[in-house]
1. (1) under 26 Å from residue B:40 (Cα atoms); (2) facing chain A (nearest Cβ under 10 Å); (3) surrounded by fewer than 20 Cβ atoms within 10 Å (Cβ to Cβ): which one isn't true of residue B:178, the others all being true?
2. From the list B:153, B:149, which one is within 14 Å of chain A (Cβ to nearest Cβ) and surrounded by fewer than 20 Cβ atoms within 10 Å (Cβ to Cβ)?
3. Of all residues in the range B:52-86, which are within 14 Å of another protein chain (Cβ to nearest Cβ) and on the phi > 0 side of the Ramachandran plot?
């Protein structure tokens with residue numbers, strides 16, 4: 001009998017995050033997970049691309065406060081599907097090149113193979129398969145981005161929009177009562193080391 | 001509540017990739033930045049000129065010929081340079097070039113540049129998830145927007161933007177000097193963020 005229990009496919013943390021062992025997380029010290037977030041195999045998060053000189057900390061006293069150079073922060077019940085990639089956006093700011101943090105709200109689904117370089121993503125956002133989100137994009141709450149969309153850099157997507165196309169356009173609105181579909185609690189339960197069956 | 005990972009000392013979760021295939025002969029300039037998570041395979045030489053940056057999980061495959069990367073290029077993660085394409089193996093003569101990137105080329109995340117005397121001109125940007133077919137010649141300061149495709153053997157003139165479903169237009173902004181300046185600054189930042197391990201590939 002071995003002393004250690006067999007390794008599951010996922011690392012499950014105390015806060016309920018389920019991170020696949022086959023996920024590629026670079027610079028984990030700069031990635032914040034809010035809890036109950038699922039990261040599927042082959043998903044990639046570039047936490048190493050941080051802001052070099054945070055403008056808020058004017059005092060040059062050695063180490064910055066913990067979490068001050070967070071590159072990617074993710075809320076609760078987010079779901080990062082296979083092969084997606086989150087990377088912090090970059091821009092020229094006051095004549096110098098900097099990376100800025102990528103902030104993501106709760107209940108955000110990122111589809112397989114999508115690449116996200118947004119500055120901010122609200123809560124209850126559904127990003128489909130093979131979507132490219134350009135740099136410094138701002139996506140508000142309850143937005144649905146359909147498969148294969150290419151969102152150009154610096155686009156601002158208002159709440160309750162449905163977005164598609166290359167380049168992306170707002171093609172419709174989430175119907176009344178349609179925001180129930182954005183809940184990811186049930187999806188969260190269906191993965192992990194002891195997955196539950198999806199409700200029929 | 002917001003604590004992320006089981007251990008703070010671990011700075012990355014990068015499962016090892018099976019180093020299948022041979023290790024290529026490499027010629028690196030001393031000033032390049034190459035992450036140890038990059039993957040270099042193949043039998044032909046790989047040349048990387050000064051100040052270029054190779055992100056983790058970029059894949060350079062020299063099976064189909066020499067790969068040469070110019071000065072101040074940025075190769076992002078999950079790119080496949082020298083990909084053999086859908087036809088699998090292609091037969092090339094001795095000393096043939098698989099992929100040539102001139103100076104200031106950017107290849108963004110998950111883009112594919114296929115092997116077979118493919119050339120990307122100076123200052124060209126290949127967007128996220130795009131595919132450059134084998135034998136394509138892309139001119140200087142072109143922009144291949146994300147998820148676009150440049151067909152095999154295509155010739156793309158200088159200052160062209162390829163967008164949407166294969167549509168093209170001319171880039172008349174005349175900002176190539178500024179783009180080069182931004183590229184230099186980006187490389188300056190990346191050099192401080194990405195730990196470089198060129199000795200791993202020798």
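We did not get these values from a lab; they are worked out from the coordinates using the rules stated. Just so we're clear, the structure is a prediction, and the values are computed from it rather than from any experiment. Ideal geometry is used to build each Cβ from the backbone, glycine not excepted, and the neighbour counts take in all protein chains shown.
1. For residue B:178, the failing item is (1).
2. Details: B:153 fails: within 14 Å of chain A (Cβ to nearest Cβ).
Selected residue: B:149, the only one of B:153, B:149 that is within 14 Å of chain A (Cβ to nearest Cβ) and surrounded by fewer than 20 Cβ atoms within 10 Å (Cβ to Cβ).
3. B:57, B:72, B:78
For (1) loosely packed, with under 13 Cβ neighbours inside 10 Å; (2) free of Cβ contacts under 8 Å to residues at least 60 places away in the same chain; (3) farther than 13 Å from residue A:124 by Cβ; (4) under 18 Å from the mean Cα position of the chain (by Cα), each residue gets a yes or a no:
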| position | (1), (2), (3), (4) |
| --- | --- |
| A:167 | no, yes, yes, no |
| A:170 | no, yes, yes, no |
| A:185 | yes, no, no, yes |
| A:188 | no, no, yes, yes |
| A:196 | yes, yes, yes, no |
